[in-house]
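Let me begin by presenting the structure, written as C-alpha cells, before commenting on it.
The values are calculated or read from the model by the stated rules, or taken from the named source; none is laboratory data. This is a predicted model, so every value here is computed, not measured. Cβ placement follows ideal geometry from the backbone for every residue including glycine, while neighbour counts extend to all protein chains displayed. Quick note on the areas: whole protein, heavy atoms, side chains included, nothing else; ligands and nucleic acids left out. Shrake-Rupley method; radii C 1.70, N 1.55, O 1.52, S 1.80 Å.
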Amino acid sequence: NAGVMQNPRHLVRRRGQEARLRCSPMKGHSHVYWYRQLPEEGLKFMVYLQKENIIDESGMPKERFSAEFPKEGPSILRIQQVVRGDSAAYFCASRQGLYNEQFFGPGTRLTVL
Amino acid sequence: TQLLEQSPQFLSIQEGENLTVYCNSSSVFSSLQWYRQEPGEGPVLLVTVVTGGEVKKLKRLTFQFGDARKDSSLHITAAQPGDTGLYLCAGGKDGSSNTGKLIFGQGTTLQVKP
C-alpha cells in the first residue's frame with residue numbers, strides 16, 4: 001500500500017476549524033475511496049470518486065463533509081467546522097478498475113481539541 | 001444494513017498456538033478480502049476470495065470462503081509474535097448498483113506473546 005499517499009499523517013484542529021485531507025492514488029488508478037475508522041473499529045465507507053465525479057457518497061455525513069477528485073492533483077476530503085466526534089483515522093484507497101482490489105494509504109489521524 | 005460480524009474481537013495467545021478468526025454475514029458477497037493492519041498504518045491486503053468454498057493458503061495462514069459466500073474464516077497455524085495486529089475482513093458486491101465500496105467487519109485484535 002506504499003503507493004497510495006496521504007497527507008498530512010497527523011492533523012490537529014480546534015473545534016470550528018476546517019480540516020483538509022489529501023490523497024494521491026497509486027499511479028494509473030482512477031478510482032478513489034475514502035473510509036473512516038474510529039478507535040478499535042473497522043473501517044466505514046464514506047465516498048467513492050472518479051476523476052471530477054462523485055459516484056457514491058452514501059456514507060458521507062449530510063453536513064460539513066465534502067470530497068473532490070479534480071482532473072489534476074490529489075483527492076481532497078474536507079471537513080468544515082470540525083467537532084470532537086470527527087476525531088478518527090481517515091483512510092484513502094485506490095483501485096485501477098471497478099473489479100480490481102483496493103490498496104490503502106497510511107491514513108490521516110485527525111484529532112479535534 | 002449489510003453487516004459483517006467478526007469474532008472474536010480480541011485474542012491473546014502464546015507463540016506456537018493455532019487460532020481461527022470468523023467473519024459472518026446474513027448477506028451474500030461476491031468477494032471477501034482479509035486485511036491486516038498495524039498501529040498507525042493502513043490496512044494491507046492479505047487475500048481475496050471470490051468462489052464459494054474456496055480455500056487459499058498464504059504460508060501459515062489459511063483462508064476459507066463459505067459455500068454460500070456469506071462467511072469466511074482465517075486460520076493461523078503456529079502463531080508468531082510478528083502476527084500481532086488487527087485483522088479485518090471486508091466484503092464486496094457485484095451488480096448494477098455496485099460501486100466497489102467495501103463493507104468491513106469490526107476487526108479482531110490479535111496479540112501473540114513470545
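Taking region B:46-94 as the range and being open to solvent by 50 Å² or more (accessible area, probe 1.4 Å) and of a type in the set (D, E, K, R) as the test, the residues that pass are B:Lys56, B:Lys57, B:Lys59, B:Arg60, B:Asp67, B:Arg69, B:Lys70, B:Asp71, B:Lys93, B:Asp94. The listed residues are B:Leu61, B:Leu19, B:Leu88, B:Leu102, and the only one of them that is under 25 Å from A:Tyr35 (Cβ atoms) and touching a His at 6+ places or on another chain (Cβ under 8 Å) turns out to be B:Leu61. Identify all residues within region A:7-44 that are surrounded by fewer than 22 Cβ atoms within 10 Å (Cβ to Cβ), within 9 Å of chain B (Cβ to nearest Cβ) and of a type outside the set (Asp, Glu); write none if there are none. Once the filter is applied, which keeps residues that are surrounded by fewer than 22 Cβ atoms within 10 Å (Cβ to Cβ), within 9 Å of chain B (Cβ to nearest Cβ) and of a type outside the set (Asp, Glu), region A:7-44 yields A:Arg9, A:His31, A:Lys44. When the criteria are applied in full, A:Arg109 meets the requirement of being open to solvent by 40 Å² or more (accessible area, probe 1.4 Å), at pLDDT 95 or above, within 11 Å of chain B (Cβ to nearest Cβ) and out of contact with any Cys (no Cβ under 8 Å at 6 or more places or on another chain). Scanning region B:1-45 for residues that are in a loop (DSSP other than H, G, I, E, B), open to solvent by less than 70 Å² (accessible area, probe 1.4 Å) and either closer than 25 Å to B:Gln80 by Cα or modelled with pLDDT of 95 or more (or both) yields a total of 5.
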